[in-house]
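Working notes, structure below.
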Amino acid sequence: MKKILSLLFAAALFTSCASTKKVTYFQDLQNGDTKTITAPVKKIKMQAGDKISIVVNSKTPEFVTRYNLVTPSRTFGSEGTGGASGAVSAYTIDSYGCIDFPEMGKIPVEGKTREEIATYIKEQLIERKLVLDPYVTVEYVNQQFSVLGEVNRPGKLSIDKDYITILDAIAMAGDLKIEGTRTDVTVLRQEGDTQKIYEIDLTSGEAIYSSPAFYLQQNDIVYVKPNTKRAGQADINSNTLRSTSFWMSLASFVMALVTLIDKK
């Protein structure tokens, strides 16, 4: 009886230990390894509906104020006099993929990176002799992606740099919970009228660095599925026999009981 119970107890422990392999990232990488990222590089490129901030600077500020959208606000002093102030507003990319830029009209920006837009505007300002020494910066305003499921901080996350990877997304969401499935994290990406679905195995460096979804795009949705234990918790209360911890507790109790009987 003791041997049988010991085997049951050992089996329960083995099952528990084996499951830890499912929560470790990069299991195929070793210290000193060099891994090439084979996924195609994807910078964040503008899409219709995106908002971008464009600021033009120059040694002669009075020549560039008309290009910088400003949302005016006014503060009033104790004597009723006030001064105007404001914050830089954003250009919205229309359904045709363009923004309406002062003195230059419609500029096509869809499919372009921040750097490409800034370079184009700078060249046009110089070519048209509107500003001789422009310095143009372009920043994201409303670009986001979502992380859902078994992570510590699910929700919408803002994009603030040109490259966002699946690893950035996991880190920004506070990492996966222990109940999250790491072997098939889903990335949903809409391209036109097509919804593309990618699965990434976070336990494999090879799978991560070769995935088309390694670099995320704005509006991507990252979904972390619950693992078997998490999914089964809904049934634990109604079916306790499915709980590994139940069997381990039962085995421990029975072994203690048998030991007590033997002593008698």
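Read-outs throughout are calculated quantities, based only on the coordinates presented, and are distinct from any laboratory measurement. Because the structure is a prediction, the values reported are computed rather than measured. We place every Cβ from the backbone using ideal geometry, glycine too, and count neighbours over all the protein chains shown.
In this simple spin-label approximation, residue 199 and residue 168 carry label points 7 Å from Cα along the Cα→Cβ vector, and these lie 2.7 nm apart.
The string of couplings for region 207-220 from the Karplus curve (6.51, -1.76, 1.60, θ = phi - 60°) is 5, 5, 6, 9, 6, x, 9, 4, 8, 8, 10, 4, 6, 5 Hz, one whole number per residue in order, with x for Gly and Pro. Summarising the amide proton neighbourhood of residue 184: residues at separation of 5 or more, or on other chains, whose placed amide H is nearer than 5 Å comprise 202.
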